[in-house]
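Presented below is the structure to which this report refers.
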Amino acid sequence: MKKLLYIARYPALAVLLLMLLAWTPVLAQTVVYQGQTTPLSVVDQNVGDTYSWELYDDGTVNFATVPGSCPTSKADFVGGNTGATVSVEWKQPGTYFFKVNALNITGCTNNLRVGIVKVIPSLPKAVLEMSPEDICVGESAELKVTFSGKDPWSMKLQAKDLVTGIISIEDHSGITAAGNPLRIPVNPNTTTEYTVIEVSNEFGVQTIPSNSVTLTVHPLPEKTPIYLKTP
């Protein structure tokens, strides 16, 4: 019988397959982030074969005989668990196993493969708020940065002067849960836009920029002579 091979088709994603039928220790694992949905696909398909997939959160079972037992609250198939290609949403951090069974036109069911996925917490994110949103020259406002994910965090905060176009970047590190949200006093002389362009923790670096907030700075009125009318 021709062996069944399958892979996870996802950028930078590769699964080391186990031996046919027998349960053997897993030698390598794929790492994905919590909340991701990744497709798994059969390659080198045989005409007439049908495929079914199962998920496990327990690596001590005999995958050849025990049905998939992973709770759907942890990981679940999106759109069903049959077909040459399926998608799995990884909902909670942990180590998971997936199995594909091939059934050919003669009814043979002893062709299967197993792989392993490690799901780690999602990349950290930052959300910005400005209060107030308008000040006069010489006044201060508060930039509030709220982080998600596990602390400690580090971030790169970009400030763009919307009058001159000049950009400056500040590095902040060692931000703990006790300091979340982080409150930063700001007092630019001209209208400025703020964006977190990078935030990181032990699980990785988030390079998708945060939302941007703008602090509008109003100039002081020009001084003019004051005339007093006397009796």
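Where a number appears in this text, it was derived from the coordinates with a stated rule and is not lab data. If you're wondering where the values come from, they're calculated on a predicted model, not measured in any experiment. Every residue, glycine among them, receives a Cβ derived from its backbone with ideal geometry; neighbour counts consider all protein chains shown.
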Worksheet item: Among the strands (runs of 3 or more DSSP E) contained in the stretch 105-159, which hold 1 or more residues that are surrounded by 18 or more Cβ atoms within 10 Å (Cβ to Cβ) and acidic (Asp, Glu)?
Response: none
Discussion item. I'm checking my understanding of the structure. Among residues of the stretch 165-182 that are farther than 8 Å from Ser154 by Cα and in contact (Cβ under 8 Å) with a residue 12 or more places away in the chain, which one is surrounded by the most Cβ atoms within 10 Å (Cβ to Cβ)?
Written reply: Leu182
Response to the item:
Flagged in the stretch 62-76 as part of a loop (DSSP other than H, G, I, E, B) and surrounded by 15 or more Cβ atoms within 10 Å (Cβ to Cβ), in numbering order, are Phe63, Gly68, Cys70, Lys74
